[in-house]
Each structure stands twice: as C-alpha cells, then as structure tokens.
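Have a look at the structure below, then the notes.
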Amino acid sequence: MQMGRMALPLFCTLALVGLGFSEDVPTGKYMGSAKCKNCHSTAAKGDQFDAWLKTKHAKAFEQLASPEAIKLGKTKGVDQPQKSAECLKCHVTAYEVPAAQKHKNFDATMGVQCESCHGPGSKHVEARLAADEPPAGEKPIEVGKDEIIGHPGADTCRKCHNKDGPSYKPFAFKKYLKEIAHLDPRKKRPADYQDKIPDDPKDDPEAEKIEFKK
Ligand code: HEC
Ligand code: HEC
Ligand code: HEC
Ligand code: HEC
C-alpha cells in the first residue's frame with residue numbers, strides 16, 4: 001500500500017483501530033525475538049512476547065526434528081529437515097537474508113519470530129531505545145511506519161502459508177490471525193473488532209473446515 005506524506009495522519013488513525021494492514025518492509029537488521037522481549041512482555045501492554053511463545057511459530061524450528069518432519073522430509077528427498085533450506089526457508093525467520101543483515105545475537109533456532117511478520121526491527125529498536133519507554137498504563141505511543149510494520153497483512157502470512165509447504169493446510173487470514181492474536185489492550189477497539197476484519201480475496205475457502213489443535 002503506497003501513501004503520500006499527506007495521508008500519514010489518516011494512516012495513523014486507521015492503524016490505531018487496526019484497519020491499516022500493510023506489508024511495506026522497512027530497511028534494517030533482523031534483531032531476533034529475544035530483543036523484542038525487553039519491551040514487549042508487560043501484561044498491561046499485551047505481553048506480545050509470551051503470546052508469541054505460546055504459538056506454534058515459536059516451535060517451528062523444533063518441529064523440524066519431529067518424527068512427522070523426518071517422514072515429510074523423506075517425501076522431498078530431505079534427510080535432515082533442520083539443516084535443509086527446503087524446510088528452513090519457512091520454519092525460521094529471515095533464512096534467505098544474508099548474515100550481514102542480522103544482529104550478531106540473532107538466533108534462528110527460535111523459529112518463526114516477530115520479524116517474520118513485522119520486518120527487520122533494528123530501526124524500531126534504536127528509535128525506541130533513544131526515546132524513553134512509556135510507562136505501562138499510559139496511552140501507547142504511535143511509531144512511524146518507516147520504523148516497523150505495525151499491522152502486517154495476509155500476503156505476509158502467505159509467504160509461508162502456501163502450497164509449497166509439504167503439509168499445507170488451507171489458509172484464511174482472519175481465522176489464522178485470531179489464533180495468534182497479541183493485541184495491545186490499551187488500544188481501544190470495538191469488541192467485535194477481530195470478527196469484522198474483512199475476508200481476504202485470496203483466502204482458501206477450505207479453511208472453514210480447519211480446527212486448530214493445541
Ligand atoms: C512454503 C513454506 C514451507 C516450507 C517450504 C515447509 N514448511 Fe512445514 N509448515 C509450513 C506451515 C505454514 C505450516 C503450518 C500449517 C500448515 O501445515 O500449512 C507447516 C507445518 C509443518 C509441520 C507440522 C504439520 C502439522 O500437521 O502440524 C511439519 C512436520 C512440517 N511443516 C515439516 C516441514 C518439512 C520437513 C519441510 C521441508 C521438507 C517443510 N515443512 C517445509 C510451511 C512450510
Ligand atoms: C505470524 C506473524 C506475527 C508474528 C510472528 C508476530 N506478530 Fe505482531 N502482529 C502481527 C499482526 C498481523 C498484527 C496486526 C494485528 C491487527 O492489527 O489486528 C500484529 C500486531 C502487533 C502489535 C500491535 C498490537 C496492537 O494492538 O495494535 C505489536 C506491538 C506486535 N505485533 C508485536 C509483536 C512482537 C513483539 C512479536 C514477537 C514476540 C510479534 N508481534 C510476533 C503478526 C505477527
Ligand atoms: C526499547 C523498547 C522496545 C523494543 C526493544 C522493541 N519495541 Fe516495539 N514498541 C515499543 C514502543 C514504545 C511501541 C509503541 C507502543 C507503546 O507505547 O507501547 C512499540 C510498538 C511496536 C509495534 C506496534 C507498531 C504499530 O504501528 O502499531 C510493533 C509491531 C513492535 N513494536 C514490534 C517490535 C519488534 C518486532 C521488536 C523486536 C525486533 C520490538 N518491537 C522491540 C518499544 C520497543
Ligand atoms: C516465515 C514463515 C511464516 C510466516 C510469515 C507466517 N507463518 Fe504461520 N506458521 C509457520 C509455520 C512453519 C507454522 C507451523 C509451525 C509448527 O507446526 O511447528 C505456522 C503455523 C501457524 C498457525 C498454527 C496452525 C495450526 O495448524 O495449528 C497459525 C494459526 C499461523 N501460523 C498463523 C499465521 C498468520 C496469521 C500469519 C501472518 C500474520 C503467519 N502465520 C505467518 C510459518 C509462518
């Protein structure tokens with residue numbers, strides 16, 4: 001989504017109520033989820049780190065060592081999924097990104113981390129470290145969209161949730177997003193906000209039948 005400078009105040013308003021889904025990728029380095037934890041693990045602000053830790057994304061690298069993964073790997077001629085680009089490209093963050101664009105402490109074994117969806121976070125981390133962290137309970141501050149992707153959309157998910165995956169399950173944005181939700185409770189949204197997210201034109205109609213298991 002392209003927007004001129006004049007549209008920025010409007011964008012911010014929309015982003016606050018969460019309708020501004022966008023995939024514009026900022027430049028910068030991949031920092032890894034451990035860095036994000038420093039500022040995003042307070043319950044009053046939505047504890048995004050722990051919410052993420054409870055999703056399958058945090059286990060996506062571990063998953064590649066499971067008996068099921070070994071079996072799936074065989075069908076693709078892959079012996080060791082945890083060492084194969086064929087699997088790692090979707091099961092860890094920024095696999096295809098050169099090492100120079102990753103922080104020295106970036107740990108791929110943490111799986112599909114924040115920046116798989118939010119884009120490289122170094123600009124955001126630097127900007128937030130330079131500013132004072134707002135105390136919990138206060139209104140969230142607005143961050144510029146050149147800093148971090150605040151509200152990634154369906155195309156971001158489909159980079160991995162597509163039929164190139166050997167275990168592809170039908171994907172629909174709204175349904176899957178609810179399953180990994182980590183909203184900031186300080187941002188006022190209507191109670192039915194998540195149900196009102198529009199269906200995506202590229203949603204797989206078969207996704208209706210999907211039931212998530214823990
Ligand atoms: C195009 C991206 C992509 C690639 C490439 C990929 N995966 Fe996955 N994998 C996913 C996604 C997304 C899921 C979760 C939902 C689904 O199955 O669609 C998943 C889930 C899995 C699961 C769990 C299945 C389940 O039923 O919960 C296993 C095991 C797995 N992948 C193994 C592998 C192995 C082994 C490889 C390499 C041979 C591989 N994947 C390559 C995207 C990918
Ligand atoms: C699989 C993709 C994905 C991962 C992984 C992910 N997020 Fe998000 N995140 C999203 C999406 C999509 C939204 C937008 C939700 C909306 O606007 O309804 C979002 C929204 C947010 C927001 C804004 C919340 C709000 O109420 O507006 C914060 C803060 C955030 N994520 C931080 C994180 C952090 C920190 C991590 C890692 C610990 C993380 N996210 C991991 C996809 C992801
Ligand atoms: C030094 C503190 C700090 C660090 C480290 C940090 N953030 Fe943030 N982040 C903030 C603050 C402050 C906000 C604004 C919301 C608020 O006031 O809590 C924010 C907002 C966000 C948003 C919402 C943006 C929007 O437009 O709604 C996302 C997404 C996000 N951070 C992701 C990340 C990710 C990913 C990382 C790790 C790479 C990270 N943050 C690391 C402090 C930090
Ligand atoms: C970098 C690749 C990648 C991206 C981007 C990604 N995912 Fe995933 N997702 C995975 C993998 C891999 C798994 C399976 C992990 C496992 O089973 O260990 C998964 C699993 C899931 C699951 C659990 C599925 C199940 O069957 O239980 C949900 C829900 C999900 N993702 C939602 C999303 C949403 C929503 C987005 C976009 C906002 C997104 N994902 C973006 C790779 C990705």
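A short reminder: the numbers here are calculations on the coordinates, not readings from a lab. Quick caveat, the model's predicted, so the values are computed rather than measured. Neighbour counts are summed over all protein chains in view; Cβ atoms, including those assigned to glycine, are modelled from backbone coordinates with ideal geometry.
Which value in deg cm²/dmol, rounded to the nearest 500, describes the helix-derived mean residue ellipticity at 222 nm for the chain, given -39,500 (n - 2.57) per DSSP H run of n ≥ 4 and division by the residue count?
Taking each H run of at least 4 residues, the total per residue is -7500 deg cm²/dmol.
Between Pro134, Ile149, Pro170, whose Cα lies farthest towards the positive end of the dipole of the range 130-170 when Lys and Arg beta carbons carry +1 and Asp and Glu beta carbons carry -1, centred on the Cα centre?
Pro170
Starting from the range 41-147, pick out the chymotrypsin sites (Phe, Trp or Tyr not before Pro) whose DSSP state is loop and whose Cβ has at most 13 other Cβ atoms within 10 Å. Don't skip to the answer; put the middle values down first.
Numbers: sites: Phe49, Trp52, Phe61, Tyr95, Phe106; in loops: Tyr95, Phe106.
Answer by residue number: Tyr95.
List the aspartates and glutamates whose Cα sits under 17 Å from the Cα of Lys74, skipping any in the same chain fewer than 8 residues away.
Straight-line reach from Lys74, under 17 Å: Glu86, Asp164.
Choose one of Tyr193, Ala60, Ser33: the residue whose Cα lies farthest towards the positive end of the charge dipole of the range 4-209 (beta-carbon charges +1 Lys, Arg; -1 Asp, Glu; about the Cα centre).
Farthest towards the positive pole: Ala60.
Please work out the ratio of the alpha-carbon Rg of the chain to 2.2 N^0.38 Å and round it to two decimals.
1.06
Can you compute the charge dipole magnitude of the range 4-209 about its Cα centre, using +1 on each Lys and Arg Cβ and -1 on each Asp and Glu Cβ, nothing else charged? Give it in debye, rounded to the nearest 20.
Computed about the Cα centre, the dipole is about 240 debye.
Could you give me the ³J(HN,Hα) list for the range 92-103, computed from phi with Karplus coefficients 6.51, -1.76, 1.60 and θ = phi - 60°, whole Hz, x at Gly and Pro?
Once rounded to whole Hz, the list reads 9, 7, 6, 4, 8, 8, x, 3, 4, 9, 10, 4.
If I take the Cα coordinates of the range 42-124 and project them onto the principal axes, what are the three extents in Å, biggest first?
Largest first, the range 42-124 extends 45, 30, 18 Å along its Cα principal axes.
Return the loop-located GluC sites (Glu not before Pro) in the range 13-97 (DSSP other than H, G, I, E, B) with at most 14 other Cβ atoms within 10 Å of their own Cβ; answer none if there are none.
Glu96
Restrict the search to the range 160-199; then list the chymotrypsin sites (Phe, Trp or Tyr not before Pro) that DSSP places in a loop and that have at most 10 other Cβ atoms within 10 Å of their Cβ.
Numbers: sites: Tyr168, Phe171, Phe173, Tyr176, Tyr193; in loops: Tyr168, Phe171, Tyr193.
Loop-located and lightly packed - none at all.
Rank Pro120, Pro26, Pro185 by mean-square fluctuation in a GNM of the chain with C-alpha springs under 10 angstrom and give only the top-ranked residue.
Comparing Pro120, Pro26, Pro185 in a Gaussian network model of the chain, the most mobile one is Pro185.
Note down the relative contact order for the chain as a percent, whole number, built from C-alpha pairs under 8 angstrom at least six residues apart. Don't skip to the end; give the middle numbers.
On the way: 269 pairs, mean separation 61.0, N = 214.
Computed value for the chain: 29 percent relative contact order.
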